[in-house]
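Report on one structure; see the data block that follows.
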Amino acid sequence: MTNSFTLPGSEDDVILEVSDVRKYYGGIHALDGLSLSVKRGEVHCVLGPNGAGKSTFFKTLIGTERPTSGRIIYNGSDITRFPAFQRVRAGLSVKFQNLRLFGELTVGQNLFTALRRNRRYDEIPEHTRALLTRIHLRGSEDRLMRHLSHGEQQRVAIAMSLASNPQIVLLDEPTAGLSVDETRLVEDIIHDVNQRGVTVVVIEHDMDFIRSLNGRVSVLHYGKLFAQGSFDEIADNDDVRRIYLGAA
Ligand code: ATP
């Protein structure tokens with residue numbers, strides 16, 4: 001009997017494939033023929049200079065922006081024209097750069113807005129507690145969101161993206177503005193999420209953080225894939241250093 005099983009992260013087990021995707025805003029080519037694939041089960045970091053198209057890449061993946069042309073294949077299906085809610089239902093999820101939290105609601109109420117879409121009402125308190133434990137904010141249900149530190153808010157935003165029980169989660173700059181200790185907590189959360197079988201794609205600028213995630217790295221430049229490899233390969237790449245590390 002042939003074993004058709006593919007190991008997580010193996011070459012032929014691609015969860016997401018982006019082919020020649022373009023996103024034009026008038027004369028601005030935010031994405032200009034981007035082709036990139038994400039393997040099931042991996043942690044994949046996306047970096048690149050400001051304006052390289054990283055956030056636009058995530059927006060076209062989740063469906064808040066429609067590509068001008070190109071194809072997005074997820075789990076073997078063409079989702080290029082799917083609306084965002086259908087992509088979330090299919091297992092894609094995102095934490096945007098802008099956290100999109102409700103400052104006047106409690107942490108529990110914020111999580112409720114995310115959990116109510118896919119959990120039974122009577123299960124929500126239990127899922128809330130479990131998510132808060134995973135983001136190191138146990139017992140914070142009743143705190144007002146605007147009273148949380150920026151680092152705590154980043155973690156709640158990550159929890160919101162996990163509420164739909166995704167197969168793949170896209171995190172846009174999850175450590176922006178965080179201290180070293182808070183960054184380490186986010187690192188722990190990402191490792192935990194990934195160990196539970198979730199594929200993680202992270203946009204980041206912090207090279208120490210990218211190194212610690214120990215995944216594949218894609219570098220975007222002018223809306224295209226510029227380089228791809230392990231952290232060490234990317235860090236040793238003179239062309240990358242020229243466009244990105246040098247600039248940093
Ligand atoms: P950063 O690291 O600064 O967040 P980025 O790599 O995420 O940058 P994007 O935000 O994807 O880059 O933007 C790519 C390019 O597209 C930029 O030149 C940006 O100004 C432009 N752009 C993005 N969204 C729009 C929009 N809605 N209308 C017009 N131009 C846009």
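Could you compute how fast region 132-195 diffuses translationally, taking Rh as the Kirkwood radius over C-alpha pairs and applying Stokes-Einstein at 37 °C with viscosity 0.692 mPa s? Give it in µm² per second.
Working: Rh = 12.2 Å.
Using the Kirkwood radius from Cα pairs, D works out to 270 µm²/s.
Taking the Cβ-Cβ separation of S19 and R138 as r and a Förster radius of 35 Å, what is the calculated FRET efficiency to the nearest 0.05?
Once rounded, the FRET efficiency stands at 0.25.
State, to one decimal in nm, how far the label point of R129 lies from the label point of S69, with both points 7 Å from Cα in the Cβ direction.
My value for the distance between the label points is 5.5 nm.
What order, most packed first, do the peptides 100-107, 155-162, 65-72, 33-40 have when packing is the mean number of other Cβ atoms within 10 Å of each residue?
In decreasing order of mean packing, 100-107, 155-162, 65-72, 33-40 become 155-162, 33-40, 65-72, 100-107.
Where in region 22-40 does the label zone of N50 land, with the point 7 angstrom along Cα→C-beta and an amide N cut-off under 20 Å?
25, 28-31
Work through the residues other than L31 whose Cβ is under 13 Å from its Cβ and net out their charges, Lys, Arg +1 and Asp, Glu -1.
+4
Enter the Cα centre distance for the pair region 19-79 and region 184-248, rounded to the nearest angstrom.
Each part's Cα centre sits 16 Å from the other's.
Starting from the Cα of D238, step 7 Å along the direction of its Cβ; do the same at F102; then give the gap between the two resulting points in nm.
A separation of 5.6 nm, rounded to one decimal place.
In deg cm²/dmol, rounded to 500, what helix-only [θ] at 222 nm does the chain give when every DSSP H run of at least 4 residues adds -39500 (n - 2.57) and the total is split over its residues? Provide the component values of the computation, followed by the final result.
Details: 8 runs with 76 residues, N = 248.
Here the helix-only value at 222 nm equals -9000 deg cm²/dmol.
Thinking of region 44-148 as a set of Cα atoms, what percent of all their pairs are more than 21 Å apart?
Roughly 50 percent, once rounded to a whole number.
Hey, could you pull the Cα Rg and Dmax for the chain, both in Å?
Rg then Dmax for the chain, in Å: 18.1, 59.
Provide, in order from the shortest bin, the percent of all Cα-Cα pairs of region 168-248 in each 5 Å bin, continuing until the bin that contains the maximum pair distance.
3, 14, 25, 24, 19, 12, 4, 0
What spacing in nm lies between the two simple spin-label points modelled at S230 and R116, each 7 Å away from Cα in the Cβ direction?
Label-label distance for S230 and R116, simple model: 4.8 nm.
What does the charge count around V202 come to, taking other residues whose C-beta lies under 9 Å from its C-beta (Lys +1, Arg +1, Asp -1, Glu -1)?
Charge balance near V202 sits at -3.
I want to verify a result. In a Gaussian network model of the chain, Cα cutoff 10 Å, which of these has the top mean-square fluctuation: V43, V14, V201?
V14
Every number in this text was worked out from the coordinates using simple rules, so none of it is lab data. Only a predicted model underlies this, so the values are computations on that prediction, with no experimental measurement involved. Methodologically, a virtual Cβ is constructed for each residue, glycine included, from the backbone with ideal geometry; neighbour enumeration extends over all protein chains shown.
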